[in-house]
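Take a look at the structure set out below.
Readers should treat all values here as calculations from the given coordinates under stated rules, not as data from a laboratory. These figures come from a predicted structure and were not determined experimentally. Every residue, glycine among them, receives a Cβ derived from its backbone with ideal geometry; neighbour counts consider all protein chains shown.
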Amino acid sequence: MRKHIVAGNWKMNKTFEEAEELIDNLMTTLENTELAPDTLMVVCPPFPYLEMCSEYSEDSYFLPGAQNVSDQESGAYTGEVSAAMLQSLEIAYCIVGHSERRAYYGETDATVAAKVDRLLAHDIHPIVCCGEVLQEREDGRQLEVVERQIREGLFHLSAEQITEVVVAYEPVWAIGTGKTATPAQAQEIHAYIRSLLAKQYGAEMADKISILYGGSCKPSNAREIFAQPDVDGGLIGGAALNAEDFMAIAKAF
Ligand code: PEP
């Protein structure tokens, strides 16, 4: 019933030519690959490549996504990119509240909530990231941290709106470190997130929401992680920069 989603977060990597080459490779690999019918692929390149990505996606089996969006609607916000702009490029998904944005750019749960509102007003699915840092896990506070991020970032939404949202659980200690959460650790938090959503919106609604895992996911560990009942896909960083690896992860369902 839930969509399986594999989303690639390119972060601040690739020149335009390299980006075109990666998308080209991805399209070729996709043409020669059979994915499970309910698997959706999302490609999130840097802003300058979104138009190109969106155009290419028309002839392929992936959807374009952005890595960030402004929490403001429009106006004098130098350097920002609005949800309306993304919508005008037919961007389908947008990552919000990635731990790097929280850590380096001061993004708070309130900013996340505002960005989610902007996106939903423009028919773009937010991919809302949550997850604890290493110290919080060592202190046994992972559930408390994730609960706060989910509550503050999402619980102002209506039941109708929440089903448009994708959640990504990304333990910060696993992002770009090569350290992956064990399948059991991922399942524990994913089930917890679903239980929070069920408490707020009812079990039927919670069952419709895709919850992705992110953090050093690669072809060698994706199958085991995706086999967990509450893991509905992955948000992929490093491994999304290589078409074969990204595709191998998408095939892990
Ligand atoms: C990410 O940044 O969302 C991520 C999961 O990165 P990586 O796969 O490189 O750990």
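Built from the Cα atoms of the chain, the convex hull projects on average onto 12.5 nm², one quarter of its surface area. Taking each DSSP H run with n ≥ 4 as -39500 (n - 2.57) and averaging over every residue of the chain yields -12500 deg cm²/dmol at 222 nm.
The GluC sites (Glu not before Pro) of the range 22-59 that meet both conditions, a loop assignment by DSSP and at most 15 other Cβ atoms within 10 Å of the site Cβ, are Glu34, Glu58. Considering only C-alpha atoms, what is the centroid distance from the range 1-53 to the range 119-166, in Å? Cα centroid to Cα centroid, the span is 24 Å.
Using a Gaussian network model on the chain with a 10 Å cutoff between Cα atoms, which of Asp59, Asp230, Asp207 fluctuates the most? With Cα springs under 10 Å in the chain, the top fluctuation among Asp59, Asp230, Asp207 is at Asp59.
Only Cα pairs within less than 10 Å get springs; with that Gaussian network setup on the chain, which residue of Val145, Val167, Val128 has the largest fluctuation? Evaluated over the chain, the most mobile residue of the options is Val145. Taking the chain as a Gaussian network of alpha-carbon nodes connected by springs under 10 Å, the highest mean-square fluctuation of the residues Gly75, Gly131, Gly178 belongs to Gly75.
In loop segments of the range 38-113 as defined by DSSP, the chymotrypsin sites (Phe, Trp or Tyr not before Pro) with at most 15 further C-beta atoms inside 10 Å of their C-beta are Tyr61, Tyr77, Tyr105. Across the range 4-250, C-alpha contacts under 8 Å between residues 6 or more apart give a mean separation that, scaled by the residue count, equals a relative contact order of 21 percent. Listing Thr15, Thr78, Thr108 from fewest to most neighbouring C-beta atoms within 10 Å gives Thr78, Thr15, Thr108.
Footprinting exposure proxy ranking of Arg194, Arg148, fewest other C-beta atoms within 10 angstrom first, gives Arg148, Arg194.
Taking θ as phi - 60° and the Karplus parameters 6.51, -1.76 and 1.60, the scalar couplings of the range 89-96 work out to 9, 6, 7, 8, 10, 8, 6, 9 Hz in sequence order, x denoting glycine and proline. The separation of the range 170-185 from the range 197-247, counted between C-alpha centres, amounts to 12 Å.
With a Förster radius of 41 Å applied to the beta-carbon distance between Glu31 and Tyr105, the computed FRET efficiency rounds to 0.65.
Between Met52 and Glu204, the modelled labels are 4.6 nm apart [label points 7 Å from Cα along Cα→Cβ].
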